[in-house]
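Notes follow the structure.
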Amino acid sequence: MTTTTPPGAADREGITMNGLRLIRRHAAAFGRFAGLGSGVTLAASAALVLLSQWIPWMAANALTTVASTVVATELHARVSFDHGRPGLAGHLKSAATMALGWLLTSAAVGSLAALRPGAGLVLQQTVYLSATALVGIGRYLVLRLTVFAEHAPRPRTGGGLRLRAVYDAAA
């Protein structure tokens, strides 16, 4: 006895398998993003402690923030997103997401201070870490979907031939 496959079942199975691969690939990229970001943040924290022994804390914070942003951008582009070198535009866009994240986490902690002036350390850290986690997810999405997006190769049309004809005509 042979079984028959309902019409379209093979197509649906292929779509499901492709969807699962896509989910796994993005989950792996997000895991690398979170791991690398956490590692860079911990290293920057240690560098901040060391640098602040020799220079003012604000200067040490600025230096470690800039350095860790550059390092994280390089790592995310190359390892998290398998994009290659990010270039200046990639670094600037990534820095913009970091600046926006800093503003959002600062606003969250500032709002807590305004709404609950006597909030304890546990609540402060809960708000800060929650805001940081949301910013991290948002940063991942922005970097993945825009800054280091995968681009499908464009099919070649006859555009090159037309440009050559225009060049030859002008000559």
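Just the protein heavy atoms count here, and of the accessible area of the stretch 40-99 at 1.4 Å, carbon and sulfur take up 74 percent. Solvent exposure of the stretch 26-117, expressed per residue, is 61 Å² of accessible area, with all protein chains present and a 1.4 angstrom probe. Using 1/(1 + (r/R0)^6) with R0 = 35 angstrom and r between the beta carbons of Ala59 and Ile137, what's the FRET efficiency to the nearest 0.05? With a Förster radius of 35 Å, E is 0.70. Rounded to the nearest whole Hz, the Karplus-based 3J(HN,Hα) values (6.51 cos²θ - 1.76 cosθ + 1.60, θ = phi - 60°) of the stretch 113-120 follow the sequence 4, 6, 7, 9, x, x, 4, x, with x at glycine and proline.
The values are calculated or read from the model by the stated rules, or taken from the named source; none is laboratory data. All figures in this text were calculated on a predicted structure; none of them were measured in a lab. Cβ coordinates were reconstructed from backbone atoms using ideal geometry, including for glycine residues, and neighbour counts include every protein chain displayed. For accessibility, only protein heavy atoms count, side chains too; no ligands or nucleic acids. Shrake-Rupley method; radii C 1.70, N 1.55, O 1.52, S 1.80 Å.
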